[in-house]
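Heads up, the thing below is written out as structure tokens.
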Amino acid sequence: MKKTIAIFALVAAVMLVGCGKSYPSEIAVYKFDSAVIQYEYSGSVEGDATLYVRGDQKAMFKSLGDSNTLEIDLGDKGYEADLDKGTAVEVANAEYGKLKEMSMGEQEIYLVKKALGLKEGAEDPIASLKKVIAGKTCNVYAISNIGSACIWNGIVLEKEVTIQDVTNRQVAVSVQTDVEVGDSRFELPASVILQ
């Protein structure tokens, strides 16, 4: 019995060590070390996107219509790249400094407001219901009588907006957490020139 317990403890320790790295994160609302979320877009512009999250780093690759873009968020700074033109600009991220000063609850409210297009001083939104998108339970919020967004851990999993009888929709079709996300996802491709 003692031998079985010792073997089980050793296997569990090896699994925990091998399960993944812990990446630096000041954004406590993310309840995972890393995530890969794949989206599909429909409406006036169709396409797909993949969001990579690792600690405080995020990268969003979008292929919408004839446009291919990459947005990288490294915390205090980031990059916005037009992959078709092969150019990128560095951008400052003042939001990151604000988020680091907030509690987990405040971070989530801030990210929800941002996703809904609300100003900082606006009243805190209240979720109308819960919904399961790509296996994750998210909170559904109204967007100013034009649509809704389903948000999980501060990340939009579904957003639907109707303006002038045209409905644009972004929906997560796959959400993987605590998976390996390589350094290259948070770097500009070699072919892109920083301006």
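Among the residues of region 125-136, those that are under 15 Å from the mean Cα position of the chain (by Cα) and part of a strand (DSSP E or B) comprise Ile133, Lys136. Apart from one condition, Ala122 fits all of (1) modelled with pLDDT of 90 or more; (2) assigned to a loop (DSSP other than H, G, I, E, B); the exception is (1).
Among the residues of region 167-185, some residue qualifies, meaning at least one is more than 15 Å from the chain's Cα centre (by Cα) and farther than 30 Å from Thr87 by Cβ.
Contact map, region 127-148: residues that are under 22 Å from Asp178 (Cβ atoms) paired with residues that are assigned to a loop (DSSP other than H, G, I, E, B), Cβ distance under 7 Å, separation 6+ or inter-chain. Pairs shown: Asn139/Ala127. Number of residues in region 47-75 that are out of contact with any Phe, Trp or Tyr (no Cβ under 6 Å at 6 or more places or on another chain) and within 17 Å of Gly154 (Cβ to Cβ) equals 8.
Take Tyr79 and tell me if it is within 17 Å of the chain's Cα centre (by Cα), at pLDDT 90 or above and within 28 Å of Asp124 (Cα to Cα). Break it down into steps so the answer makes sense when it comes.
Working: within 17 Å of the chain's Cα centre (by Cα): yes; at pLDDT 90 or above: yes; within 28 Å of Asp124 (Cα to Cα): no.
So Tyr79 does not fit the description; no.
For region 143-195, the set of residues classified as under 21 Å from Ala35 (Cβ atoms), of a type in the set (A, V, I, L, M, F, W, C) and part of a strand (DSSP E or B) consists of Ala149, Cys150, Ile151, Trp152, Ile155, Val156, Leu157, Val171, Ala172, Val173, Val175, listed by residue number. Residues satisfying the criterion are absent from region 89-106 (criterion: closer than 30 Å to Asp165 by Cβ and touching a strand residue (DSSP E or B) at 6+ places or on another chain (Cβ under 7 Å)). The single condition among (1) in contact with a Leu (Cβ under 9 Å, 6 or more places away or on another chain); (2) in a strand (DSSP E or B) that Glu106 does not satisfy is (2). Annotation: of all residues in region 44-60 being modelled with pLDDT of 95 or more and surrounded by fewer than 18 Cβ atoms within 10 Å (Cβ to Cβ), the one that is farthest from Glu187 (Cα to Cα) is Glu46.
In the set (1) at pLDDT below 95; (2) surrounded by 15 or more Cβ atoms within 10 Å (Cβ to Cβ); (3) of a type outside the set (Val, Ile, Thr); (4) touching a helix residue (DSSP H, G or I) at 6+ places or on another chain (Cβ under 9 Å), the condition left unmet by Glu108 is number (4).
The values are calculated or read from the model by the stated rules, or taken from the named source; none is laboratory data. Bear in mind the structure is a predicted one, so any value in this text is a computation, not a measurement. When we count neighbours, we look across all protein chains shown, and the Cβ atoms used for this are built from the backbone with ideal geometry, even at glycine.
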